Amino acid sequence: MSSRSFFDPVLATLARAHAQRQFDRFMRATESARETQERVLLAKLRRNADSVFGRKHGFSRIRSYQDFAAQVPVHTYEDLRPYVKRVMAGETQALFGRGQRVLMFAMTSGSTDEPKYVPVTPEFLSEYRRGWNVFGVKALLDHPGALLRSILQVTSDMDEYQTESGIPCGSISGLLAATQKRLVRKYYVCPRATGRIADPDARYYTIMRLALSRDVSWMITASPATQVKLGYVGARHAERLIRDIHDGTLQAPGELPDATRHAIAGKLLPDREAARRLSAVAAKHGELLPKHCWKLAFLSNWTGGTLRLHLQHFPHYFGYTPVRDIGLLATEGRVSIPLTDGTAAGVLDVTGSFFEFVDAEADATDKAAIHRCDELTPGGEYRVIMTTSAGFYRYDLGDYVRACDYVGQAPVIEFLHRGAHVSSVTGEKLTEWQVTAAFLRVSRALGLSLTDFSIAPVWADPPFYRLHLDVEVGDPGRVAMLLDEELSRMNMEYASKRSSGRLGPIVLNPLLPGTLARLDDADRLRRGGAANEQYKHQYLFTKPGDDQAFLAVGTVHPGIAGGADGGTR
């Protein structure tokens, strides 16, 4: 375990001065955000003008945003996927100019059952890191008590597997951690090897085994559900954790790879003093929670959209520690940088990617509905369009935001939800396409015909999805179980949340035959007449409570749970 050295305060002062300069430059850039954004855009286009994509869309002839908007249409990931596949096969110039390198492919769930791969170039990584530096220096200026103390940051593996050309595919958070300044890495509680632990029980236990004896000042994860899970694991396994700390052992539940155990062996030295202190804390409070063990300066995680529901558990585990949202941060790039605690709203990262915004209810082909960063109306809702150094040009991110205010010419935006038909109560980003495709496969496997169904998130401990189904089958619980398995296969974030216990098994609500059709008829009439040809049955509800109408009608054997670990809710 590293300890503070004589030189750390000096190095920290220098690093802080550098980060402060980056923050000051960012704030100056917000004063002329429109001009800054145009420079950002043209630099990306010049860098990649001789790419296949750039030649096709005439990048060399583009001199202004107006030229760009006229020559390059808005794209979805599926539009860009053929180019990405060519890059993955080794043809870097499909998306990038000569001499550019791809460091890795960051992975995230797509709208289909095939993941999205985001090419990470040195320029993209630099922009991503610069956004984190601006976020971090402001957070530390506001919470100076966190400086030169342990940081509990949870990241994932950057090298889950490699392409045929040997380029890693995995999480960009792993690459950021691996390439972080040595001074900062020194204070990380979790070494990179913990990101390779697949078994969730073993992973969370190992993290808490490494963290409980340290002076943790700052916890940072993407999902608040992860922070809650760590607190829960610490409380549940308190006695075993204290014994491991005392003996210098690691008796983690679940499967812990030998390679990981070997990699972290040097951090598992006996610490009898810490064990005695933790035993005394547990005896005093009757349980062992983070708020009892650490003097936390602040917590960092997403707080927007439905994820804010997890924050109600924070006081139990962390007391009333301030929470700083990490911003609208996608695998495809950073969008916003929150500058204060207690809000999901952040300033647009005008020095990173180039941004456009589409009116929330409009189609991206409607040019009049597309706005630049300084053209948003406070209170208005928009969908984010990005042009990035990852080779994504006018890319429809699918995230919806609300404009709250302005800092200079840069809008302050708040994340609302991901897509019109995407549910994400724990960060699983479940799409309606995935739900319907999974159910079709389940119905075929059981020899059924696809009939009316709907699925909706339910806020509980843990959250879960409720499947409303009005088809008669011999074993209705098996439908829910198989649907759960199929969604786990199709969506890696869903699988991760299920396997870690952050998301519960699907629960079936069997309805009387014809119930959903009757509800659709009533909804169609309410929306504008029985012959409304644009009416679509909603297979996926995105907010807890939106399916209450289904609970007020007749059911057959209500509350049947799917999965071996299920139960009546």
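The values are calculated or read from the model by the stated rules, or taken from the named source; none is laboratory data. Because the structure is a prediction, the values reported are computed rather than measured. Glycine also receives a Cβ, built like all others from the backbone with ideal geometry; neighbour counts cover every protein chain displayed.
Remarks
- Total residues in the stretch 524-544, condition modelled with pLDDT of 70 or more and either under 14 Å from residue 453 (Cβ atoms) or not in a loop (DSSP other than H, G, I, E, B) (or both): 5
- Counted residues, the stretch 291-340 - those being closer than 26 Å to residue 356 by Cβ and among the hydrophobic types (A, V, I, L, M, F, W, C): 9
- Among residues of the stretch 80-105, those that are closer than 30 Å to residue 423 by Cα and either surrounded by fewer than 22 Cβ atoms within 10 Å (Cβ to Cβ) or of a type in the set (A, V, I, L, M) (or both), counted: 7
- Helices (runs of 4 or more DSSP H) contained in the stretch 84-193 and holding at least 3 residues among the hydrophobic types (A, V, I, L, M, F, W, C): 122-142, 172-178
Residues are listed down the side, and each one gets a yes or a no for (1) outside the structural domain of residue 239 (by TED's automatic domain parsing); (2) in contact with a Phe, Trp or Tyr (Cβ under 7 Å, 6 or more places away or on another chain); (3) touching a residue at least 40 places away in the same chain (Cβ under 8 Å):
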| position | (1), (2), (3) |
| --- | --- |
| 249 | no, no, no |
| 255 | no, no, yes |
| 273 | no, no, no |
| 277 | no, no, no |
| 282 | no, no, yes |
| 293 | no, no, yes |
| 305 | no, yes, yes |
| 311 | no, no, yes |
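- Boolean, residue 365 is touching a residue at least 12 places away in the same chain (Cβ under 8 Å) and either in contact with a Gly (Cβ under 8 Å, 6 or more places away or on another chain) or buried (at least 24 other Cβ atoms within 10 Å of the Cβ) (or both): no
- Every test in (1) within 19 Å of residue 172 (Cβ to Cβ); (2) crowded, with 19+ Cβ neighbours inside 10 Å is passed by residue 108 save one, and that test is (2).
Yes/no matrix, rows are residues, columns are (1) surrounded by 14 or more Cβ atoms within 10 Å (Cβ to Cβ); (2) over 14 Å from residue 455 (Cβ atoms); (3) modelled with pLDDT under 90:
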| residue | (1), (2), (3) |
| --- | --- |
| 507 | yes, no, no |
| 514 | no, yes, yes |
| 522 | no, yes, yes |
| 547 | yes, no, yes |
| 552 | no, yes, yes |
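- Pick from the stretch 465-504, criterion in a strand (DSSP E or B) and touching a helix residue (DSSP H, G or I) at 6+ places or on another chain (Cβ under 6 Å), ranking: nearest to residue 430 (Cα to Cα): 467
- For the stretch 378-403, the candidate set comprises residues that are assigned to a strand (DSSP E or B) and aliphatic (A, V, I, L, M); within that set, the residue that is nearest to the chain's Cα centre (by Cα) is 397.
- Pairs, first of a type in the set (A, V, I, L, M) in the stretch 26-37, second part of a helix (DSSP H, G or I), C-beta under 8 Å, six or more apart: 29/36; 33/373; 33/374
- Residue in the stretch 183-196 that is crowded, with 21+ Cβ neighbours inside 10 Å, at pLDDT below 90 and not aromatic (Phe, Trp, Tyr) present: yes
- In the stretch 47-79, residue nearest to the chain's Cα centre (by Cα) [restricted to those that are surrounded by fewer than 17 Cβ atoms within 10 Å (Cβ to Cβ) and among the charged types (D, E, K, R)]: 78
- Any pair with Cβ under 7 angstrom, 6 or more apart, that starts in the stretch 163-180 at a residue that is in contact (Cβ under 8 Å) with a residue 60 or more places away in the chain and ends at one that is acidic (Asp, Glu): 168/159; 169/160; 170/157; 170/159; 170/160; 171/157
- Among (1) under 15 Å from residue 358 (Cβ atoms); (2) surrounded by fewer than 23 Cβ atoms within 10 Å (Cβ to Cβ); (3) not acidic (Asp, Glu) - the single one residue 411 does not satisfy: (2)
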